[in-house]
Amino acid sequence: MNAFTVLGELLVLLGTFFYFLSTLGLIRMPDVYNRMQTSTKSATLGSLGVIAGVGIWALGTDFGSAAWLTKTMAIALFLLMTNPISAHALIRAAYKRGIPLWHGSVVDKYAEYLEKSGGDGETPEGGGEE
Amino acid sequence: MGEVSKASRYLYTVIILFLIWLMLTASLDPQEVGFGLLLSLIVAAFTYEIFTTGGLSNLHPRRIAYMLAYLPYFLWAMIMANIDVAYRVLHPARPIRPGIVHCKTVLKSDVGKLSLANSITLTPGTITLDVDDDNYFIHWIWVPDEALTGDEEEHVKVASENITRPFEKFLKVIFG
């Protein structure tokens, strides 16, 4: 037991706590868009906490080394770069599929924009993609 | 971007691949480093055309400094947003007021726009729904009162101020 293991355990605990919160959010939120909002939490603080926690935890153990930390950092970096693309694809697919916003939603500028840019709803699809 | 030479793009790809190799092996043994360098040189020859358009100019010290400053800034923003969304999930009354808002960005390059969209999506409470030129459509879990005006320009200004502006000042330097 030393400072590294304690810090690592705390980070993993924090990560699992945010995993729990995002699962709770999946149940509590009213529509698919708000559920996406809470589920991105698990990808960011949840996964980052667990991944960084494991890397730091390993520094404090007798079998661990700095290699664990650099490897987990690389994993975290790739996760941060790829995860939002799937989130973006999912929520965009949901909208294009016509899933309605929750009745408590206050504004939908995207629908107004699609209307304004011509009756053909496909027009804005062409540009702007990554 | 046709003005960037192939050599510059190739070298940039080699450097990035080699850095990833160093992180994954975490060893300075001459055999490992040498083999990693060899592999980077081979893989980069096949992939540099789709890997980068900017080449070595991406490694300008000013850009690297801003990138290093951006990481803790972004992590901090992410943690604050996480706590905010956690509060909304745990609160018995579920205080959400979602909506899709319209933002405009000043970023020009495609990579910059991609990074901005990714940063917005990674921050809980905001998800990029669609990007069209400089128009961003963002699903926001709590649309503030100021953004609920009928005036389109005012709406865009308030929304951009809240969502895109904090990231833009860094990304503008990093990606242009």
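The values are calculated or read from the model by the stated rules, or taken from the named source; none is laboratory data. Keep in mind that this is a model prediction, so the values were computed, not measured. Cβ atoms come from the backbone with ideal geometry, glycine included; neighbour counts cover every protein chain shown. These accessible areas exclude ligands, DNA and RNA; they are computed on the full protein's heavy atoms, side chains included. Shrake-Rupley method; radii C 1.70, N 1.55, O 1.52, S 1.80 Å.
Filtering segment B:65-113 down to residues that are open to solvent by less than 70 Å² (accessible area, probe 1.4 Å) and small (Gly, Ala, Ser), which residue is nearest to A:Gly15 (Cα to Cα)?
B:Ala86
Which pairs have Cβ atoms under 7 Å, sit 6 or more apart or on different chains, and link a residue in segment B:154-176 that is farther than 12 Å from B:Tyr66 by Cβ to one that is open to solvent by 30 Å² or more (accessible area, probe 1.4 Å) and modelled with pLDDT under 80?
Filtered contacts from segment B:154-176: B:His155/B:Thr149; B:Val158/B:Glu146.
Kindly check whether there is at least one residue in segment B:75-98 that is out of contact with any strand residue (DSSP E or B) (no Cβ under 6 Å at 6 or more places or on another chain), among the basic types (Lys, Arg) and closer than 21 Å to B:Leu116 by Cα.
no
Going through B:Asp134, B:Asp145 one at a time, which residue ends up being surrounded by fewer than 23 Cβ atoms within 10 Å (Cβ to Cβ) and more than 21 Å from A:Gln37 (Cα to Cα)? Can you show your working first?
Values: B:Asp145 fails: more than 21 Å from A:Gln37 (Cα to Cα).
Just a single option satisfies the conditions, and that option is B:Asp134.
The conditions are (1) within 29 Å of B:Trp21 (Cα to Cα); (2) in contact with a strand residue (DSSP E or B) (Cβ under 6 Å, 6 or more places away or on another chain); (3) among the small types (Gly, Ala, Ser), and A:Ser105 fails exactly one of them. Which is it?
Answer for A:Ser105: the failing condition is (1).
Each row is one residue, and each column tells you yes or no for (1) buried (at least 16 other Cβ atoms within 10 Å of the Cβ); (2) assigned to a helix (DSSP H, G or I); (3) within 8 Å of chain B (Cβ to nearest Cβ).
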{"residue": "A:Ile51", "(1), (2), (3)": "yes, yes, no"}
{"residue": "A:Val54", "(1), (2), (3)": "yes, yes, no"}
{"residue": "A:Asp62", "(1), (2), (3)": "no, no, no"}
{"residue": "A:Thr72", "(1), (2), (3)": "yes, yes, no"}
{"residue": "A:Leu80", "(1), (2), (3)": "yes, yes, yes"}
{"residue": "A:Ile85", "(1), (2), (3)": "no, yes, yes"}
{"residue": "A:His88", "(1), (2), (3)": "yes, yes, yes"}
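Assess whether A:Phe4 counts as being in a helix (DSSP H, G or I), in contact with a Leu (Cβ under 6 Å, 6 or more places away or on another chain) and within 11 Å of chain B (Cβ to nearest Cβ).
Considered against the rule, which asks whether it is in a helix (DSSP H, G or I), in contact with a Leu (Cβ under 6 Å, 6 or more places away or on another chain) and within 11 Å of chain B (Cβ to nearest Cβ), A:Phe4 comes out as no.
Checking the condition assigned to a helix (DSSP H, G or I), touching a Pro at 6+ places or on another chain (Cβ under 8 Å), small (Gly, Ala, Ser) and modelled with pLDDT of 85 or more, which residue from B:Ala65, B:Ala77 passes? Let's see the steps before the verdict.
Details: B:Ala65 fails: touching a Pro at 6+ places or on another chain (Cβ under 8 Å).
Exactly one of B:Ala65, B:Ala77 is assigned to a helix (DSSP H, G or I), touching a Pro at 6+ places or on another chain (Cβ under 8 Å), small (Gly, Ala, Ser) and modelled with pLDDT of 85 or more, namely B:Ala77.
For segment B:113-139: of the residues being of a type in the set (A, V, I, L, M, F, W, C) and more than 7 Å from chain A (Cβ to nearest Cβ), which is farthest from A:Ala89 (Cα to Cα)? Give the steps one after another, and end with the answer.
Pass one, segment B:113-139, residues of a type in the set (A, V, I, L, M, F, W, C): B:114, B:116-117, B:120, B:122, B:127, B:129, B:131, B:137-138.
Now narrow it down to the ones that are more than 7 Å from chain A (Cβ to nearest Cβ): B:116, B:120, B:138.
Details: B:Leu116: 15, B:Ile120: 14, B:Ile138: 13 Å.
For segment B:113-139, the residue satisfying everything is B:Leu116.
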